[in-house]
Amino acid sequence: MKRILVTGGSGFLGSWLCEKLLEQGNEVICVDNFYTGAKRNIYHLLDNKRFELIRHDVTFPLYVECDEIYNLACPASPIHYQRDPVQTVKTCVHGAINMLGLAKRINAKILQASTSEVYGDPAIHPQVEEYWGNVNPIGVRSCYDEGKRCAETLFNCYSMQNATRIKIIRIFNTYGPRMHPHDGRVVSNFILQALQNQDITIYGDGSQTRSFCYRDDLIDGMMKLMATPDEITGPVNVGNPGEFTILQLAENIIDLTGSSSKIIRMPLPSDDPKQRKPDITKARELLNWQPTTPLREGLVKTIEYFEDLLKIDPEFCCGQE
Ligand code: NAD
Ligand code: UDP
């Protein structure tokens, strides 16, 4: 049994990770400031004697004893990370410094939840880990993109300078149950719109592409990376290489929900990447990992989740944040 710290543990991915780590018999310390996370995501874990919750902002130092650290704390959706860009940079950079400092001090292994956003609007397709990316350093997405790039740099520096045991995972768009209904990401937006027969809001002409990974596949890949020998530090792309236009995603969701929603066009936000698809050769070779959930299968599960949420808590789904 290990004691494992999960920062951002009450968020969409963090709460699922906490659950899986507990299922394996570990002790889990969940650290979160509830900026975008929700207590409802972890209510069901609070009675577990091996689960501990600490309200804490990772931009401040933290001292706890543990064997492993998963550093997931950071708002992940564009509307959330753009709401307070300075705090987003601090969370990425100061958060990484604080968690790396802790890992160094207690000799814990530490994994950074990085992102496909480090590739920016990529000129290389599909994206391989060796690609350095194409990021606007002063654009609306830069607080997140550059924050995450700097965090990768810090992880690498701690590895080289202090022999800290690090892992970097580059996560591509991940979806599934427990996504926040207001986080503005495309999958949750389209499903909620379709279930309520509201207009489906495509930004731009819908020809931009994304590759959507189901939550369970992603967490499986993340835990496999943490379990690799120390010499494997990453970065490793983890995502589903199936590539879809945003228009195709909307059509799939309309079809699966039987919705009467119409598709409408809205302005494309600036610096919105035109294409994104992971090359997962490294994940296949180093982690023996590949996704197993096709898009439509994952969408069905996510639609069921939002259908239930609309029945149980319509105010949470439809009210103002
Ligand atoms: P999320 O917003 O649901 O979860 C982030 C969690 O971090 C929330 O619980 C939030 O309250 C917490 N948090 C934010 N700032 C904090 C701070 N300063 N101190 C402590 N806690 C803080 O997002 P998610 O989708 O679960 O993403 C988790 C991680 O994975 C993030 O680091 C994100 O950048 C990364 N990621 C996610 C995706 C995706 O598609 N979901 C893609 C790429 C990378
Ligand atoms: N998008 C859209 N309608 C929405 C929300 C998002 O067309 O209601 C588009 C967005 O412009 C982007 C893609 O869907 O091209 C994915 O957006 P998301 O915010 O989910 O993730 P990211 O852009 O960070 O990959």
Tell me, yes or no, whether the range 56-72 has at least one residue that is more than 26 Å from Asn237 (Cβ to Cβ) and free of Cβ contacts under 8 Å to residues at least 24 places away in the same chain.
-> no
(1) more than 9 Å from ligand 1 (Cβ to nearest atom); (2) modelled with pLDDT under 95: which one isn't true of Ala38, the others all being true?
-> (1)
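Within the range 241-270, track down each residue that is in a loop (DSSP other than H, G, I, E, B), more than 16 Å from ligand 1 (Cβ to nearest atom) and in contact with a strand residue (DSSP E or B) (Cβ under 9 Å, 6 or more places away or on another chain).
So in the range 241-270, the residues in a loop (DSSP other than H, G, I, E, B) come out as 241-242, 258-262, 267-270.
Imposing the further condition that a residue be more than 16 Å from ligand 1 (Cβ to nearest atom) reduces the set to 258-262, 267-270.
Correct list: Ser259, Ser261, Lys262, Pro267, Leu268, Pro269.
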Where residues in the range 203-233 are within 11 Å of ligand 2 (Cβ to nearest atom), more than 15 Å from the chain's Cα centre (by Cα) and among the polar types (S, T, N, Q), which of them is nearest to Arg276 (Cα to Cα)?
-> Thr209
Ile200 fails exactly one of the following numbered conditions: (1) aliphatic (A, V, I, L, M); (2) open to solvent by less than 20 Å² (accessible area, probe 1.4 Å); (3) more than 14 Å from ligand 2 (Cβ to nearest atom). What is the number of that condition?
-> (3)
Take the range 220-264 and flag every residue that is surrounded by fewer than 14 Cβ atoms within 10 Å (Cβ to Cβ), over 30 Å from Asn26 (Cα atoms) and in contact (Cβ under 8 Å) with a residue 60 or more places away in the chain.
-> Ser260, Lys262, Ile264
Only one of (1) closer than 13 Å to Ile171 by Cα; (2) touching a helix residue (DSSP H, G or I) at 6+ places or on another chain (Cβ under 7 Å) does not apply to Tyr119, and that is (2)
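Would you mention how many residues in the range 132-186 are within 30 Å of Pro314 (Cβ to Cβ), buried (at least 16 other Cβ atoms within 10 Å of the Cβ) and within 14 Å of ligand 2 (Cβ to nearest atom)?
Of the residues in the range 132-186, the ones within 30 Å of Pro314 (Cβ to Cβ) are 173-186.
Now restrict to residues that are buried (at least 16 other Cβ atoms within 10 Å of the Cβ): 173-183, 185-186.
After this cut, where a residue has to be within 14 Å of ligand 2 (Cβ to nearest atom) as well, the list is 173-176, 179-183, 185-186.
Residues that pass the stated criteria total 11.
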Over the range 72-131, the set of residues closer than 24 Å to Ser159 by Cβ, assigned to a loop (DSSP other than H, G, I, E, B) and more than 9 Å from ligand 1 (Cβ to nearest atom) is Asn107, Ala108, Val128, Glu129, Glu130, Tyr131
Restrict the check to the range 260-268 and report whether at least one residue is touching a helix residue (DSSP H, G or I) at 6+ places or on another chain (Cβ under 7 Å), closer than 24 Å to His182 by Cβ and β-branched (Val, Ile, Thr).
-> yes
Just one of the numbered conditions (1) in contact with a Lys or Arg (Cβ under 9 Å, 6 or more places away or on another chain); (2) in contact (Cβ under 8 Å) with a residue 60 or more places away in the chain; (3) surrounded by 18 or more Cβ atoms within 10 Å (Cβ to Cβ) is not true of Ala38; which one?
-> (3)
Does the range 43-52 contain at least one residue that is open to solvent by less than 40 Å² (accessible area, probe 1.4 Å), within 12 Å of ligand 1 (Cβ to nearest atom) and within 22 Å of the chain's Cα centre (by Cα)?
-> no
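The values are calculated or read from the model by the stated rules, or taken from the named source; none is laboratory data. Values in this document were obtained by computation on a predicted structure and should not be read as measured data. All Cβ positions, even for glycine, are placed from backbone atoms using ideal geometry, and neighbour counts span all protein chains on display. Just so you know, the surface numbers come from the protein's heavy atoms only, side chains and all, with ligands and any DNA or RNA stripped out. Shrake-Rupley method; radii C 1.70, N 1.55, O 1.52, S 1.80 Å.
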